[in-house]
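The values are calculated or read from the model by the stated rules, or taken from the named source; none is laboratory data. Small disclaimer: the values here were computed from a predicted structure and weren't measured. Backbone-built Cβ (ideal geometry, glycine too); neighbour counts: all protein chains shown.
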Amino acid sequence: MLLCRDAVESLTRSILLKPVFREVCTRCSPGMLGLVILLLLACSPASAPASRPTGPGTLYVVNEASNGVSVIDTATNAVSTTLQVSGRPQGIALTANGKFLYITQGELGAVAVIETGSNQVVASIPVGRDPQAIAVSRDGSRGYVTNYESNNLTVLDLVARKALAFIPVGANPQAVALSFRGDTAYVVNLRSNSVSVVETASGRVKDTIPAGEGPCGIALTADGNYAYVGGHGRVEGMAASGGLGGAPGSEATLGTGPNKDVRILNLGTKKIDAAVSCGAMPIAVALSSDAKAYVINHGSGDISVVDVNSRKVLDTIQVGKNPSGVALSNDGRRIYVSLTDENAVAVIDAGSRKVAATIPVGEGPKGMALR
């Protein structure tokens, strides 16, 4: 049976991915999704996870303070090499085929392009001022970069390696996530307390959704109906650069104390559907294939495990000082959390919900991507 690309995507959404949750950056190619669909139709249960390949992988960890990227072999939990990336690296995204890694360079106003086969920086693409986060389309042709000081979103042609457009959004855009089809970008605006809904084909901001005080991280459900948005809290003052928990020594002043709520935005009604109370400063969220939300609580040094169906906290896992980034293993059995103040990555066993290992990395680890 032959399926066209639209049919593959439609069938994937309706049959396979509806109960499955993914992180901000999808790492499964259309070809692999099609293969999983065929297997599913033959014999697999509808709940079989398909958004990740099986087996160990390679974890890339951005070390902001030491201008580098630690490359970790997840089979051994050891750093195999360290890549040098200048200009205060921050956000990170990987193409679905794993061939290219993109890292924002806050001080340079650029995005570094790394070829993963050679582990070499092969290009640097100018964007806006103080770029923070980046999301890459599933076909690897487009990139979307939040520029914290420019208050806009840069659209990149990743093939030609140049900027195509600069789209005005809210104040201090912090994070970005793409819809399953890549037709919509959701931009989290820290100071505007909102999420800008950008139509990627036209570059038009078609909606603005209130997101509570000091929103930061975002993760979308695979059915495209909800967004889980972390929140730092009310921001009274912010250093000129660095964004949320930005450059070393850069701190926000909270007007009402640290936020503890993760907001669940209904993307249909454009409203906050619910708020789940977690730890202090829940700044990042990862959604798993078994309907769990792993919420990184930067201020309280722990992770809240939230049941997506009941929207209740199932457990709290202590991890270490100032956790910032999160990534889930290929087989869903491990949770990787960057510990900014400990210069390490905590490896958590998802079954026992305990820290199984700690991996030393560079200084000030934050964003992570898994291949």
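The residues of the stretch 96-107 that are part of a loop (DSSP other than H, G, I, E, B) and surrounded by fewer than 23 Cβ atoms within 10 Å (Cβ to Cβ), listed by number, are A96, N97, G98, K99, E107. V306 falls short of the stated requirement of being surrounded by 19 or more Cβ atoms within 10 Å (Cβ to Cβ) and either under 23 Å from G91 (Cβ atoms) or not hydrophobic (A, V, I, L, M, F, W, C) (or both). What residue, of G362, G268, is part of a loop (DSSP other than H, G, I, E, B), modelled with pLDDT of 95 or more and exposed (fewer than 15 other Cβ atoms within 10 Å of the Cβ)? Being part of a loop (DSSP other than H, G, I, E, B), modelled with pLDDT of 95 or more and exposed (fewer than 15 other Cβ atoms within 10 Å of the Cβ) holds for just one of G362, G268, which is G268. Only residues that are free of Cβ contacts under 8 Å to residues at least 60 places away in the same chain, outside any loop (DSSP other than H, G, I, E, B), aliphatic (A, V, I, L, M) and under 15 Å from Y336 (Cα atoms) were counted across the stretch 70-88, and they come to 1. Scanning the stretch 319-331 for residues that are touching a residue at least 24 places away in the same chain (Cβ under 8 Å) and closer than 20 Å to G217 by Cβ yields V319, G320, N322, P323, S324, G325, V326, A327, L328, S329. In summary, P56 fulfils each of the numbered conditions (1) part of a loop (DSSP other than H, G, I, E, B); (2) crowded, with 20+ Cβ neighbours inside 10 Å with the single exception of condition (2).
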